[in-house]
Structure formats: structure tokens, C-alpha cells
Amino acid sequence: QEKHRILHKLLQNGNS
Amino acid sequence: SPTCSGMEIELLAQDVLRSHRETSQPRAEELQQRRWDTFSREEVCAYQRKPMQEMWERCAGRLTEAIQHVVEFAKRLRGFMELCQNDQIVLLKAGAMEVVLVRMCRAFNPDNRTVLFEGKYAGTELFRSLGCHELVGSIFDFAQSLCALRLSESEVAFLCAIVLINANRPWLQEQAKVARLRGRLEVAFRLLLRRTHREGLLARLPPAGRLRALCSQHVEQLQAFRRLHPGALPAAFPPLYRELFA
């Protein structure tokens, strides 16, 4: 997950 | 399918179309209006004079914006957010660029072989300073071949969903769950094609290997660029682009 930090964050955000 | 109801398939189809509509910019009508708005000779020359590094940064920037829209498309797709996070990331990492390439056919004018880029339509020559003539040509050829199928917005939406939800991607943890979602998408896509008398489309779609080859070619060209410009990538490329491709 650390390797895909930004993708992870985009998926977590309600609307990015 | 014995495993899902007609209602479920209907909802899935509506959902695919809505997800596509909400995350595809510009809208189809706007693209249609602007399709002859091409760069002038002077503007093309100005792009051709840009240093290779700047042109790579610009293209990486536009590609990253398109990928962010694909992430939003995925998030809105019924069933995607119910997959485990590992599999969401695996599917996006492997498929986001492929979806962008499919979506590109919306913004491609096959009559003069141009694509919408930074506000106007551009031919392959505008991208000369990237130094990857073959890759650019192959991407344009792919868009041209998709345009020849005269896809409706609904068909583009389903193609994107099917490219993304691929149970054969390596490193999936819940492969069966992805395969079930993919199966439901295929049923809904076939239903749409039957209703619109377009069943013949499935046999005319480009093979999946063609998209895979374009994506590998992009990564190879990026590696060649990095050998020429060591240190360029961390500085000016979008972090999401680096995360996906570097």
C-alpha cells in the first residue's frame, strides 16, 4: 500500500 | 445468467453509463463541435520546438488527469468498491492506461487523424519532440481502428468497464469475485448490443493484446527517456504518473 500511496488516497477520498 | 437477476443487470448497465457520463470530459456534444478546431502551423511548430523534457512533462500531465478520471469512473462502478483494496489497486494499476487509450477514441477525429490535446486537435507531428514517433503513431492507429467501429457512448462505457474489470490481472487476491463482476458486465453489455442490433461488434473489437502492447511500449519509451534525462522524473512529473509507470 505504501508503494501505491496516491492511488490508495484517491480510492479513499469520497470525491477526488 | 442464472447467478444474477434481470433487474440486477439493468441496474448495472445504468450504473456503467452514469459512471462513464459523470467522469468523461469533455462531453460528446462538445467534442463533436470542436473536432475541426486544429492547431495552426505556427502553434504546431512551437510545440515541435519545445525541449523533449518539457513535452514529456506536458504529456505526463495530461495523461495523469485522464487517469484521475478513470479512478473516479472505477469508484462509481457498481461492485468495484466492494472488491478488496489490493484488487482495486491491482486493477487500476494494470488497467487505467488501457482505459485512457479506449476513451481517447472519443476525442479523436479519424477524418484528419487528430486528437484533442491542450485545447485543440493535434496530429502526430505535434508530438515530434517527445522522441517516440512509433509509439505516437501506434496510439493514433489504435484510436483510428476504434473510431472505425463507430462506437456509441454506451459502448465506450462498457468497453472501459470490461477493460478495467479483468480477472486475469496478476496479483489479484479475490480473483473469483472480480470474475463474477466481469461476468455480470459481459451479460449487461451483450444485452445492450442485442437491443441495439450491434451483436457483430464483439467480433470486431481489437484484441486485448493490442492494448497491452501499447502500454508496454509507453513504459519502454519512458525508460528510454529516463536514461537520456536521469533525474528528470522526480522533479516535474506528477506523483501519480511516477507511481504508476516509473
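Computed from the coordinates by the stated procedures, all read-outs in this text should not be read as laboratory data. On a predicted model such as this, the values are computed, not experimentally measured, just so you know. Reconstructed Cβ throughout: ideal geometry from the backbone, glycine too, with neighbour counts over all protein chains shown.
Packing-based ranking of B:98-109, B:165-176 yields B:98-109, B:165-176, ordered from highest to lowest mean Cβ neighbour count within 10 Å.
In terms of surrounding Cβ atoms within a 10 Å radius of their Cβ, B:His197, B:His20 rank from fewest to most as B:His197, B:His20. Could you work out the relative contact order of chain B, using alpha carbon pairs under 8 angstrom and six or more residues apart, expressed as a whole percent? After rounding, I find 28 percent. Label separation (B:Arg49 vs B:Gln85): 4.9 nm, computed from points 7 Å beyond Cα along the C-beta direction.
For the protein assembly as shown, adding -39500 (n - 2.57) for each run of n ≥ 4 DSSP H residues and dividing by the number of residues yields -20500 deg cm²/dmol at 222 nm.
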